[in-house]
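First up is the structure itself, then whatever we jot down about it.
The values are calculated or read from the model by the stated rules, or taken from the named source; none is laboratory data. Just so you know, these numbers come straight off a predicted model, no measurement behind them. For neighbour counting, all protein chains shown are included, and Cβ atoms are generated from backbone atoms with ideal geometry for every residue, glycine included. Areas reflect the complete protein model, heavy atoms only, side chains present, ligands, DNA and RNA absent. Shrake-Rupley method; radii C 1.70, N 1.55, O 1.52, S 1.80 Å.
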Amino acid sequence: MEAELQTQIAFHLTGRKYGPEPDGIAGSESRPALLARYCDLDALRYDFPVVLLSNPGEKGYVQCLSGIVDNVVNGMVRDDDAGRLAKHLLRLEREIRVLLSNGARGSLAALWDDAAGRLASQGDDALNQSLKRGRAALNVGGEVAGCDQTMPARLLEHAWVVVQQRKTRKLSEDLGRLTIKLSDILQAALAGSEAGRSATNLKAAIGTGHADVFDFEVLSRVLSKASSRDSLPKGRHQRIERLLSVLKSQCFVPMPGDGNGSGQHAYPFVFGSCADALAAYRERLPRAMELAKSMAIAELEVSGDYREDKHDAFFSGFGEGGVGQEELSHFPDYLICISADRLQAAESEHLMDILSAGLPAKILVQTNDLLEESPIAGDGHFALGMRSKQLANMAIGLNDVYVLQSASSNLFQFRDRIFKGMSYAGPALFSVYSGASGHTGALPSYLNAAAAMESRAFPAYTYDPSAGTNWASRFYLEANSQVESDWPVQKFDYENENHQRVRVDTAFTFIDFVACDKRSARHFSPVPRSGWNLSMVRADEYLGLETRGAPEKVPFVHMVDQDNALQRAIVDDRLIRAALRCRESWHSLQELGGIHNSHAERLLAREKKSWEEQGRQDAEARAQQVKPPAPAAAAAPVAAVAPAAAAEPEEKKSPDVAYIETPRCTTCNECTQINDKLFAYNENKQAYIANPDAGTYAQMLEAAESCQISIIHPGKPRNPNEPGLNDLLKRAEAFA
Ligand code: SF4
């Protein structure tokens, strides 16, 4: 056993494996044990796929499939078969997920019909009836997007389009209105001019219908005598014609009648590189300024307020010293979608130029591989999305850039923040980890992205300069689970060697995230059960130990193989050090978010010390003034009061009573959408069981299964006569 321990320590310290490799991680489908329960993602209800709504409105611009199905179910008349209907539509939802996993793409309507067709072929009449009723009640549509590599750009572009349509609507309307009014001025001037009163022009104006009734030559002579007023002054006439020419030839927004209003003559504003976007912006800037200036002059012209002596000089300097920036803010923003691996020196420089100059750009930097080797350190050192993280940090340092960082698995939860960033009146940077590294075997991108966020490898946050003047209002970190902790802790159940169920609290750390990646096998050494010993400690505990000199413990992580058999794998020291660096970065973010803020904690410690000192001095002063009581009498009240106040026992939850670990709730709405009488939110917008009798045990269980962080414990059924209880109770065992 001692020799075995020495081998394990040697691997931990050097990363070199001695002897034959036991069956384990390398090349297998092993994954961190805490992810074992998510092996069949298609069977779970979660935030993806999402539907990019084709008619954005009150319902927002994006909805998740589960939410849409719930709305369809809730919107249908509640009757005796409501439960059956819900069950059938949940089967349809699952079928759509399966279709997407198998590569299907398309609109919600098309995928819905496809999935319904596949289920209908099973010949179940009741099922077919439900599917028909559900389809008739479906009242939203749009393209469906699963959590794959393309989703972040699709989702952000969709949000950008919705914002731009709203933003440029006023510009289009102003352009149309000014063009008509300026044209009217010219028309009126023409009608009052000699040319306008010519026989030919009069004939053209009256039209062919009455051509025989009028003598246009006579009419022209009469009108010429009757009006000697001169038409538009030449200078104004030329100015209006110039304005009209600029307004009609603009390419910034589509106009009605411009290629069927499709905007086919409009400039493109979506780019795949910062260099191209910057070049286009610079090239178009003179035309944008010219258009903004022309619109400002046109406003004065149509209201009759243009004064050449005053305005000519003013507008000749238009655009200098920032004049015109306000008008330019109504123009479309540039959307730039780039992959982090394309962010070489020049491109990064262009990106920072755009952000620091406050140009109207929204930039998505997508990272697909967080665990690529550091280009500088190499040899197993993780870069951890260094480029995109550095950019996000620098952007925050500019103070007036909207910054959003998130794993793709969290983008639906961040939909309102994405929209806010797209609507922000300034540059915005969106840094997204897609989870699609291509090195995680059968693990879906969604789970890999969620693991990156959960393990603090890629935490989610937003920095919104428009939200206030201080960090507390601008910086938002609360989307990360258990934000106060170093690592989020979850319950982990497994079967031990005596076939007994064991439940332990286990933290999901950076090491678990790395273990999802097939390239990381060299950092782990699987240990067969016969080699397990008391010197092995879980990696999350090991990370909290002070280690100096030769280690006496070796860290391991729990993994499961494709048969769900539990394994232990020793972790090498290099990965432990990477995890410690990851934790340090997380601590910095926590400080920005006001959590464990070192300045505040130092101040608090100082205040506490001075408060204690003051208390000590007061006690001494009192002791000198008052005669001390007998020792037994003095001790009694202290002993009677202090333990009761200090040790309030934590409420013990009965396994028979349903409850939610409310402080851990992430407000994902899953449970409240299932039954908002049974589940409700408290004042912190975290779920609790409002009325256990307001729903069925089946709903309770469905919510427990839908809850992504498994914090709903269904207890025992309230109604012993509820149908299918045996089956339900079996499913509920996982949540006891
Ligand atoms: S308790 Fe409800 S709202 Fe909270 S995380 Fe679970 S399912 Fe979501």
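What FRET efficiency comes out for Arg529 versus Thr150 if R0 is 41 angstrom and r is the Cβ-Cβ distance? Round to the nearest 0.05.
Details: r = 42 Å, r/R0 = 1.04.
Plugging the Cβ-Cβ distance into 1/(1 + (r/R0)^6) gives 0.45.
Multiply the residue gap between Ala690 and Thr469 by 0.36 nm, knock off their C-alpha separation, and tell me the result in nm, one decimal place. Could you put the intermediate results ahead of the total?
On the way: separation 221, 0.36 × 221 = 79.56 nm, distance 3.76 nm.
Using 0.36 nm per residue and subtracting the Cα-Cα distance, I get 75.8 nm.
What spacing in nm lies between the two simple spin-label points modelled at Ala3 and Asp563, each 7 Å away from Cα in the Cβ direction? Output for this residue pair reads 2.8 nm.
For a quick check of understanding: with a 1.4 angstrom probe and all protein chains in place, what accessible area in square angstrom does His350 have, to the nearest ten? That residue has around 60 Å² of solvent-accessible surface.
In this rough spin-label picture, where each label sits 7 Å from Cα along the Cβ direction, the Arg519-Arg616 distance is 5.6 nm. Run the paramagnetic zone check for Val504: 7 angstrom along Cα to Cβ, then residues of the stretch 466-490 with backbone nitrogen under 16 Å. Correct set: 489-490. Here His713 sits with roughly 10 square angstrom of accessible surface, probe radius 1.4 Å.
Leaving ligands and nucleic acids out of the surface, order Leu566, Leu364, Leu729 by accessible area at 1.4 Å, largest first. It would help to have the intermediate numbers written out before the result.
Values: Leu566 35, Leu364 5, Leu729 60 Å².
These residues rank, largest area first, as Leu729, Leu566, Leu364.
Subtracting the Cα-Cα distance from 0.36 nm times the residue separation, let me have the gained length for Asn74 to Gln238 in nm, one decimal. The partial results should precede the final answer.
Working: separation 164, 0.36 × 164 = 59.04 nm, distance 6.34 nm.
Gain in length upon complete extension: 52.7 nm.
What does the extension gain come out to for Leu398 and Ile180, with contour length at 0.36 nm per residue minus their alpha carbon separation? Don't skip to the end; give the middle numbers.
On the way: separation 218, 0.36 × 218 = 78.48 nm, distance 4.30 nm.
Fully extending the segment from Leu398 to Ile180 adds 74.2 nm.
Put a dot 7 Å past the Cα of His587, heading toward its Cβ, do the same for Lys730, and the two dots end up 5.0 nm apart.
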